1. What's the number of the only condition in (1) in contact (Cβ under 8 Å) with a residue 24 or more places away in the chain; (2) within 26 Å of residue 114 (Cα to Cα); (3) part of a helix (DSSP H, G or I) that residue 80 fails to meet?
2. In contact with a strand residue (DSSP E or B) (Cβ under 9 Å, 6 or more places away or on another chain), part of a loop (DSSP other than H, G, I, E, B), without any contact (Cβ under 8 Å) to a residue 40 or more places away in the chain and more than 30 Å from residue 6 (Cβ to Cβ) - does that describe any residue in region 53-60?
3. Here are some residues: 34, 65. Which one is free of Cβ contacts under 8 Å to residues at least 60 places away in the same chain and either over 19 Å from residue 114 (Cα atoms) or outside any strand (DSSP E or B) (or both)?
4. Out of everything in region 57-92 that is more than 21 Å from residue 105 (Cβ to Cβ) and surrounded by 14 or more Cβ atoms within 10 Å (Cβ to Cβ), what residue ends up being farthest from the chain's Cα centre (by Cα)?
5. Look through 109, 100 and report the one residue that is in contact with a helix residue (DSSP H, G or I) (Cβ under 6 Å, 6 or more places away or on another chain), part of a strand (DSSP E or B) and surrounded by 15 or more Cβ atoms within 10 Å (Cβ to Cβ).
């Protein structure tokens, strides 16, 4: 006898590696775990996704452009999240996917499409 990981019911397995009483329980178990994972990282992924949409819109096939910080904030850009740090001209710069974000002054932000 084995115990189903989702419901806790006991069942007789048909295979030695069977962990669930039926396929519905297996699918539900994995869907619940995937949902928990997505919810746990949503506070990072949502602003990143929003930033990427904004950058795609304002860059519009440009290789580089300079924007005022208030313009980006007005669009809903979040400066608190980034995907990685990339070396550009010998300095570490924040990056969001294929865009490099460079602070030129306190109010001017240069964005480079590194695609």
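Taken together, the values in this text are just the output of simple stated rules run on the coordinates, not laboratory data. On a predicted model such as this, the values are computed, not experimentally measured, just so you know. Every residue, glycine among them, receives a Cβ derived from its backbone with ideal geometry; neighbour counts consider all protein chains shown.
1. Checking residue 80 against (1) in contact (Cβ under 8 Å) with a residue 24 or more places away in the chain; (2) within 26 Å of residue 114 (Cα to Cα); (3) part of a helix (DSSP H, G or I), the one that fails is (3).
2. Checked against the condition, which is being in contact with a strand residue (DSSP E or B) (Cβ under 9 Å, 6 or more places away or on another chain), part of a loop (DSSP other than H, G, I, E, B), without any contact (Cβ under 8 Å) to a residue 40 or more places away in the chain and more than 30 Å from residue 6 (Cβ to Cβ), region 53-60 yields no hits at all.
3. Values: 65 fails: either over 19 Å from residue 114 (Cα atoms) or outside any strand (DSSP E or B) (or both).
Selected residue: 34, the only one of 34, 65 that is free of Cβ contacts under 8 Å to residues at least 60 places away in the same chain and either over 19 Å from residue 114 (Cα atoms) or outside any strand (DSSP E or B) (or both).
4. Result: 81.
5. Values: 100 fails: in contact with a helix residue (DSSP H, G or I) (Cβ under 6 Å, 6 or more places away or on another chain).
Exactly one residue qualifies, and that residue is 109.
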